[in-house]
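Engineer: I'd like to ask some things about the structure below.
Since every read-out is calculated from the coordinates, none of them should be taken as a lab result. It should be emphasised that the depicted structure is a prediction, and the values quoted were computed from it without experimental measurement. Cβ: placed from backbone, ideal geometry, glycine included. Neighbour counts: every protein chain shown.
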Amino acid sequence: MATKELQQPTAGAGPPAANRKETDLAALRALGFGNLTDAGAVWVEALGLLGSEMVSFVAERIKEDIRTQHDILHCTDPAELNEIHARFLKTAMDQYTAESRKLAEMCQEMVRRQLERAH
């Protein structure tokens, strides 16, 4: 079976720059990557949603850090300080666990949508 290869453009040869994108996509489709070249919209949207989710999570964690620092600065009792630290750690563990689960579900949905689009 003959192997298809992408042709490297030579200086002055090939389509003008405006048409090069279509030519490159056509070459990839000919190699069997047709569905991948059409997948960009799903991936770009999903990556945008993932990025937005992560930024929101980090912002919420920063707020929690500031609240904890405030509580520590106003703490006058060592027992209360231990309680503040314990609460901070529990909250962080709960939030990171929930966020990891949420991101995993978002990734699964991204793959599911991509597979639907491919078929």
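Engineer: Can you name the number of the only condition in (1) assigned to a helix (DSSP H, G or I); (2) without any contact (Cβ under 8 Å) to a residue 40 or more places away in the chain that Lys102 fails?
Structural biologist: All conditions pass for Lys102, except number (2).
Engineer: Within the range 87-119, track down each residue that is among the β-branched types (Val, Ile, Thr) and either surrounded by 14 or more Cβ atoms within 10 Å (Cβ to Cβ) or farther than 18 Å from Glu53 by Cα (or both).
Structural biologist: Result: Thr91, single match.
Engineer: Sticking with this structure for a sec: Test of understanding: among Thr91, Thr76, which residue is out of contact with any strand residue (DSSP E or B) (no Cβ under 6 Å at 6 or more places or on another chain), of a type in the set (Ser, Thr, Tyr) and not in a helix (DSSP H, G or I)? Explain how you work it out, then say what you get.
Structural biologist: Numbers: Thr91 fails: not in a helix (DSSP H, G or I).
Answer to the check: Thr76.
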